[in-house]
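A short write-up of the structure that comes next.
The values are calculated or read from the model by the stated rules, or taken from the named source; none is laboratory data. Nothing here was measured: the structure is a model prediction, and the numbers come from that model. Cβ atoms come from the backbone with ideal geometry, glycine included; neighbour counts cover every protein chain shown. For accessibility, only protein heavy atoms count, side chains too; no ligands or nucleic acids. Shrake-Rupley method; radii C 1.70, N 1.55, O 1.52, S 1.80 Å.
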Amino acid sequence: MENNNTTQPEQTKESVLFQQLVDSYMSSNHRKKIDIIQKAYNFAKRALEGVSRPSGEPYINHPIAVALIASREMGLGSTSICSALLHDIIDNTDYTVEDIENVFGKKIAQIVDGLTKISGGIFGDKASEQAENFKKLLLTMSDDIRVILIKICDRLDNMRTLDNLPENKRYKVAGETLYLYAPLANRLGLNKIKTELEDLAFKYEHPDSYANIVRKLAHTQEQRDELFEKFTTPIREVLDAMGCKYVIKMRVKSPYSIWNKMRNKHVSFDEIYDILAVRIIFTSPSEEEEVNECFRIYVAITKLYKSHPDRLRDWLNHPKANGYQALHVTLMSNQGRWIEVQIRSDRMDKIAEQGFAAHWKYKAGDNSADTDGELNDWLCTIKEILDDPQPDAMDFLDAIKLNLFAQEIFVFTPKGEIVTLPSGATALDFAFHIHTFLGAHCIGAKVNHKLVPLSHVLKGGDQVEIITSNSQHVQPGWTAFVTTAKAKNKIMAQLRKADRDVRQKGLQMLREWLQQNNLSITTSIIKALCEEHGMEKQEHLFLDIGNGTITLGEKDLSRILGMKKPKGGVRWRRFVPFLKSKEKNEEIQELVTVKDGFDKDRACVISEENIGKYIMVHDCCHPIPGDDVLGYIDANDHIEIHQRSCQVANRLRNTYGHRILSVKWNMSGDELLSDATVAIKGIDRKGLLKDVSMVISDQLDVNIHRLEISSDEGIFEGRIELKVHDRDELSEIIDALKVVPGLQNVVRAY
């Protein structure tokens with residue numbers, strides 16, 4: 001008799017993942033090229049044999065997981081899946097791009113090359129590795145958008161497995177994700193992936209806040225379910241009577257979005273009223289009927305509930321730049337709550353979740369991308385940003401953020417043609433968008449037939465006419481009020497051309513002045529003069545010397561000869577905010593200096609004994625014990641402490657991620673006090689200040705260091721500077737003040 005109890009070989013994580021990948025691909029609408037996927041998997045498995053991830057698991061699991069995201073969550077085909085399976089081969093093995101091309105062809109090799117980290121400097125030795133890698137991606141992406149799509153898949157899997165990295169590297173990866181990859185996913189219409197990237201980054205950057213919001217969401221789930229059911233029951237009855245084929249879904253605001261709103265609006269979790277939204281997703285007989293069906297449903301449900309007059313959003317006739325289409329209306333429920341309803345077809349819903357990837361098509365024969373008009377415009381913007389030959393690392397990343405991720409407006413030419421610009425664009429941006437000559441000779445504009453200056457910020461629906469003069473030329477001040485990469489690059493190009501002769505003249509004047517003082521021009525002398533006159537670049541120094549803004553004299557000579565000590569390289573004013581509770585300021589300690597052998601993966605632990613050895617950045621975000629903080633190794637190899645949510649810290653993570661350190665607090669005693677400020681606002685009344693003081697001084701026994709108040713037309717505003725032990729004590733003070741009658745807003749101020 002046959003033994004049916006034969007032990008089956010245990011399935012590994014690798015085999016399970018690959019089978020899921022195969023199943024996902026085979027269930028898609030793509031042509032079934034399973035042979036090349038199997039070939040790419042076998043190639044990657046052999047190449048990565050013996051290579052492990054930081055967790056110790058086989059490295060091959062990562063490219064399979066990336067390929068699975070590309071297939072299952074983006075709907076990409078065999079070329080993308082193979083590229084995902086091979087994307088880390090060049091970084092982690094001796095194989096080259098040529099090897100990939102020989103085995104898998106030019107297209108897959110091109111995508112893999114775009115996904116490969118680069119060495120060498122686009123921005124220079126001290127610049128941002130992340131900016132360089134991102135620029136390489138953009139350069140390749142302008143040929144094939146799949147490069148950035150797979151890179152987003154790669155980042156998503158890295159975020160899902162971020163536990164395996166040291167804490168300082170988690171901050172770097174999470175910061176990059178929030179700064180670049182989540183907005184990029186949003187810009188490409190990958191809403192589901194964007195939300196997960198944001199939530200994962202939030203989870204690692206602010207674990208306590210994340211856990212608190214998740215806990216509150218779970219606690220209030222039953223209430224939302226009840227509200228959803230009561231609100232949608234009448235809607236279902238109406239749609240059934242109309243003969244609609246539909247589904248209604250509940251959308252719950254993500255933890256990151258909730259936290260962001262709590263922080264920006266200075267409200268508590270209980271004060272956020274748009275956590276719940278409703279989606280009506282219907283099936284339309286044809287694409288042509290979708291818009292009409294959306295408005296039919298809109299009319300029907302607004303007969304049931306009163307609509308908010310200022311919250312109708314029509315993304316049907318003018319879709320968002322990422323392809324999103326829907327009709328949004330906010331209705332007043334019978335329970336007295338405003339609820340947003342999103343109406344869209346199942347085709348629109350698919351695009352809302354998968355973005356451009358949902359309607360990705362290829363031309364017959366060469367497999368090149370046949371992208372939509374919006375995507376082509378976006379790629380053109382990328383090329384304009386990359387036109388600048390030597391962008392500064394952060395300027396480059398900021399240009400990406402500003403031009404690619406900003407919300408867009410639609411404006412009209414005098415002939416009624418639609419022009420799409422980033423939100424915040426000015427009349428001068430519009431002029432350069434139409435034509436370089438028009439921008440260079442622009443003296444003003446008419447917006448809706450009214451004369452406005454070049455700096456006038458445009459609004460959606462404006463009709464713009466540009467006024468020019470042949471005597472007008474590009475002005476240096478124009479860069480201050482243009483926002484688009486195209487306008488800025490064209491202005492800078494013409495200014496560089498005009499300034500070239502003046503800079504050459506300034507350089508010659510500097511040489512002659514140095515010769516008169518028996519000196520010759522050197523890099524160190526130029527650097528000293530730049531520091532003396534507050535210049536970041538030597539070109540600015542030469543320009544100001546050439547046009548007479550700077551006159552070289554004894555002060556400059558003293559600086560060069562070392563008679564005056566150079567200004568310190570520390571970018572922030574160092575201060576000691578911590579006081580002994582009954583003593584004077586602590587003696588300033590010698591700062592920690594990062595030297596060779598310093599373990600950057602090990603957390604810096606700040607205690608009462610060593611707190612004076614770190615630079616607390618008072619002028620920036622004013623960290624206090626208990627705050628979520630990180631460390632940054634500055635130009636002098638000292639360690640600055642920033643709050644993780646600080647905008648400067650965000651820029652540092654994305655520009656100098658290799659200098660970021662993990663920081664822990666170990667402030668166990670009650671000896672040290674630190675400065676903190678609370679901003680209050682409310683309805684003025686007699687005795688309000690007395691009640692505030694009693695809560696702080698009498699009830700909580702906290703010392704008020706300084707108090708500033710003002711009252712105007714019955715509105716009371718104030719700032720209270722306190723001495724507290726840590727963030728928990730500050731939070732306790734804020735919570736206690738919120739119950740004072742009349743106070744409407746109590747927040748920590750910086």
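Here ILE683 and GLN647 are evaluated by their C-beta separation; at R0 = 25 Å the FRET efficiency comes out at 0.20. Normalised Debye scattering of region 676-720 at q = 0.13, 0.25 Å⁻¹ gives log10 I(q)/I(0) of -0.27, -0.94, counting only Cα atoms as equal scatterers and leaving out solvent. For region 609-750, averaging the sequence separation of C-alpha pairs within contact (under 8 Å, six or more residues apart) and dividing by the residue count gives a relative contact order of 25 percent.
Magnitude of the Cβ-charge dipole of region 594-750, K/R +1 and D/E -1, about the Cα centre, nearest 20 debye?
About 460 debye.
Within the accessible surface of region 434-477, defined with a 1.4 Å probe on protein heavy atoms only, the carbon and sulfur portion equals 56 percent.
Model label points for ILE715 and LYS613, set 7 angstrom from Cα along the Cα-to-Cβ axis, are 4.8 nm apart.
For the pair GLU98 and ARG160, a Förster radius of 45 Å applied to the C-beta separation gives a FRET efficiency near 0.90, rounded to the nearest 0.05. With all pairs of separate Cα atoms included, region 257-332 yields a Kirkwood hydrodynamic radius of 14.6 Å.
Rounded to two decimals, the Cα-based Rg/Rh of region 210-320, with Kirkwood Rh, is 1.02.
The order of MET159, MET262 by accessible area, most exposed first and with a 1.4 Å probe, is MET262, MET159. Largest accessible area first, the listed residues TYR614, TYR273 line up as TYR273, TYR614 when surface is computed with a 1.4 Å probe on the assembled protein chains. For region 207-261, the Kirkwood hydrodynamic radius comes to 13.3 Å, computed from all pairs of different C-alpha atoms.
Site pair ILE434 and SER693 shows an inter-label distance of 6.3 nm when each label is modelled 7 Å from Cα along Cα→Cβ.
The alpha-carbon atoms of region 619-750 define a convex hull whose volume equals 125 cubic angstrom per residue. Calculated on the alpha-carbon coordinates, the convex hull of region 26-75 measures out at 71 cubic angstrom per residue.
Provide the per residue accessible area, probe 1.4 Å, for region 646-750, rounded to a whole number of square angstrom.
Details: 5480 Å² over 105 residues.
On a per-residue basis, region 646-750 sits at 52 Å².
Taken per residue, the accessible surface of region 207-363 reaches 52 Å², heavy atoms only and a 1.4 Å probe.
Were the residues from ASN636 through SER469 laid out at 0.36 nm apart, the gain over their Cα-Cα distance would be 55.0 nm. For region 15-114, trypsin sites (Lys or Arg not before Pro) are listed when DSSP marks them as loop and at most 14 other Cβ atoms sit within 10 Å of their Cβ; the list is ARG31, LYS32.
Each label was represented as a point 7 Å from its Cα along the Cα-to-Cβ direction; for THR413 and ILE525 these points are 5.4 nm apart.
So for region 247-292, averaging the separation of alpha carbon pairs under 8 Å that are six or more residues apart and normalising by length, what relative contact order in percent results? Relative contact order, region 247-292: 51 percent. Highest mean first, the peptides 177-188, 672-683 sorted by other C-beta atoms within 10 Å per residue fall in the order 177-188, 672-683. Please go through the residue pairs LYS192/LYS350; LYS613/LYS664; LYS45/LYS151 and name each one whose alpha carbons sit more than 18 Å apart in this structure. From LYS192/LYS350; LYS613/LYS664; LYS45/LYS151, over 18 Å: LYS45/LYS151.
A straight line joining the Cα centroids of region 313-330 and region 503-521 runs 61 Å. A Förster radius of 45 Å, combined with the Cβ-Cβ distance separating ARG313 from VAL214, puts the computed FRET efficiency at roughly 0.95.
With the Cα gyration tensor of region 426-572 in hand, give its eigenvalues times 5 under a square root as the equivalent ellipsoid semi-axes, listed largest first in whole angstrom.
41, 17, 11
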